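Engineer: My questions will all concern the structure given below.
Each reported figure results from applying straightforward, stated rules to the coordinates on display, with no laboratory input. Predicted model only: the values in this text are computed from it and were never measured. Backbone-built Cβ (ideal geometry, glycine too); neighbour counts: all protein chains shown.
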Amino acid sequence: MPSALNTLLTKSTTNHLCKAFGIRLTTNPQIVQLAKNSGFDALFIDLEHSTLSLDDASQLSCAGLLNQITPFVRVPYQCGNGFVQRVLDGGAMGVIFPHVSCVGDAKSAVSISKYPPQGTRSMTGQLPVFSLQATPVDHIINESNATASTVILMIETKEGIESVEEIAAVDGADVLLVGSNDLAIELGVPGGFGTEVFRDALVRISQACRKSGKVMGLAGIYDNWEVQHWAVNVLGVRFMLCGLDSGILASGGKRCVAGVPEVE
């Protein structure tokens, strides 16, 4: 077996919410221990909107494996198969693909994430998810394809909404993750998470996920209990990016300063 459980799979299959901690700023792997201590289940290591390197992503992923907090990495849009390969070889247990707009995008994501016969991922040895131990090839293939190569597809374009039923039906895709900010902008309601057009889009994604047996995820909406409650308990969201290190530091810093008494 891989050296760490995939908490997204275990949580979603038992009807619990997998809560992810986003990292886009901090490179010190000790941030992973803090995320674990806080009660997060997974890491959302962001290489799309950050200056983090592949090496940073690997170190953070390995820290996640050691701390039993599942590492997922969001790759840059159209970064290429070779880049995705290195993210997985570096220790990620799944890849988050942004701006998935059609069935072709979804099938390509599955192909590079999975070993043959399910996909086209290239084989190497001593992988972090198997504790860098020599492991039989057939075991690597079977276990990686099943639990250590989660395919998370971000729906954040009009085209993605229009094709969401077909995208959700792609074999090997695990999660449809709402990219709330980009999707709201695409729909003409920037920041309009309470608008009818945005909510209707999320309902459609939810219905597609239920029909195809896929996990629905939500990202980009933080500190909004009303929307998050609706998403979890009505739409059936079971994977949520709860916040990013930069935002958590910023809001925590403000609360800290506000709580200090002034000189009288």
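Engineer: Can you pull out the residues in region 109-124 that are within 30 Å of Lys158 (Cα to Cα) and surrounded by fewer than 18 Cβ atoms within 10 Å (Cβ to Cβ)?
Structural biologist: Ser111, Gln118, Thr120
Engineer: Scan region 49-85 residue by residue and report those that are crowded, with 16+ Cβ neighbours inside 10 Å, of a type in the set (D, E, K, R) and in a helix (DSSP H, G or I).
Structural biologist: Asp56
Engineer: How many residues, within region 93-102, are of a type in the set (Val, Ile, Thr) and either free of Cβ contacts under 8 Å to residues at least 12 places away in the same chain or under 17 Å from Thr120 (Cα atoms) (or both)?
Structural biologist: Qualifying residue count for the region: 1.
Engineer: Exactly one of these conditions fails for Leu176: (1) part of a helix (DSSP H, G or I); (2) of a type in the set (A, V, I, L, M); (3) under 23 Å from Val73 (Cα atoms). Give me its number.
Structural biologist: (1)
Engineer: Could you check region 46-92 and list, in sequence order, the residues that are under 21 Å from Met240 (Cβ atoms), touching a residue at least 60 places away in the same chain (Cβ under 8 Å) and in contact with a Gly (Cβ under 7 Å, 6 or more places away or on another chain)?
Structural biologist: Asp46, Ser61, Thr70, Phe72, listed by residue number.
Engineer: Check Ser12 against each of (1) crowded, with 22+ Cβ neighbours inside 10 Å; (2) farther than 23 Å from Ser246 by Cβ; (3) touching a Cys at 6+ places or on another chain (Cβ under 6 Å) and name the one condition it does not meet.
Structural biologist: So Ser12 meets the others, but not (3).
Yes/no per residue for (1) buried (at least 23 other Cβ atoms within 10 Å of the Cβ); (2) closer than 26 Å to Thr26 by Cβ; (3) touching a helix residue (DSSP H, G or I) at 6+ places or on another chain (Cβ under 6 Å):
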site	(1), (2), (3)
Lys158	no, no, yes
Leu176	yes, no, yes
Val197	no, no, no
Glu226	no, no, no
Met240	yes, yes, no
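Engineer: Filter the helices (runs of 4 or more DSSP H) completely within region 102-162 down to those with at least 2 residues that are among the β-branched types (Val, Ile, Thr).
Structural biologist: 103-113, 137-147
Engineer: Let me ask something else about it. Got a number for residues in region 125-143 being among the hydrophobic types (A, V, I, L, M, F, W, C), farther than 18 Å from Cys62 by Cα and surrounded by 12 or more Cβ atoms within 10 Å (Cβ to Cβ)?
Structural biologist: Qualifying residue count for the region: 1.
Engineer: Given the criteria within 24 Å of Ala109 (Cβ to Cβ) and touching a Phe, Trp or Tyr at 6+ places or on another chain (Cβ under 9 Å), does Val32 qualify?
Structural biologist: Spelling it out, it is not the case that Val32 is within 24 Å of Ala109 (Cβ to Cβ) and touching a Phe, Trp or Tyr at 6+ places or on another chain (Cβ under 9 Å).
Engineer: Also, quick follow-up: Which residue is nearest to Pro71 (Cα to Cα), if the candidates are limited to region 192-240 and must be assigned to a loop (DSSP other than H, G, I, E, B) and charged (D, E, K, R)?
Structural biologist: Looking at residues that are assigned to a loop (DSSP other than H, G, I, E, B) and charged (D, E, K, R), I get Lys214.
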